[in-house]
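Engineer: Got a structure here, written out as structure tokens. Questions coming.
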Amino acid sequence: TPRNAREKAVADLQNGDAAVLVSTISAAGVGLTLTAASRIIFFEPILDVAAFRQAIGRAHRIGQKRSVAVAVLAAAGTHEHIALDLLTKRLTAEDECDQRVLKQRRLAKTFKLL
């Protein structure tokens, strides 16, 4: 999509002239701020955890005034379904690792205070 058309689509969503913006995950993760979004529906699972989180983060920017619901659609038995399963496992593993790191940091900070 040409840059001008992309900018117009985002502006239309932001100011209420459009109710829906259809975008790929990779496009949504680069240079878009979608604080008017209340729902995000992905229909092309991506295996890149960082790109997935970035795409979701575009709707959770400063200025967002409401909660945002995120859904990922994939038909059972398809390549997309397999990709979604892998993405879910990666996200879970990454979150568990983040929790362990945070716990270790809290413990280290506690012991430094003693």
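The values are calculated or read from the model by the stated rules, or taken from the named source; none is laboratory data. These numbers were taken from a predicted model, which means no experiment stands behind them. So basically every Cβ, Gly included, is an ideal-geometry build from the backbone, and we count neighbours across all protein chains shown.
Engineer: Can you go through 107, 84, 73, 91 and tell me which one is surrounded by 13 or more Cβ atoms within 10 Å (Cβ to Cβ) and out of contact with any Pro (no Cβ under 8 Å at 6 or more places or on another chain)?
Structural biologist: 91
Engineer: Also, quick follow-up: If residue 40 meets every condition in (1) modelled with pLDDT of 75 or more; (2) closer than 26 Å to residue 5 by Cα; (3) out of contact with any helix residue (DSSP H, G or I) (no Cβ under 8 Å at 6 or more places or on another chain); (4) among the β-branched types (Val, Ile, Thr) apart from one, which number is that one?
Structural biologist: Result: residue 40 passes all but (3).
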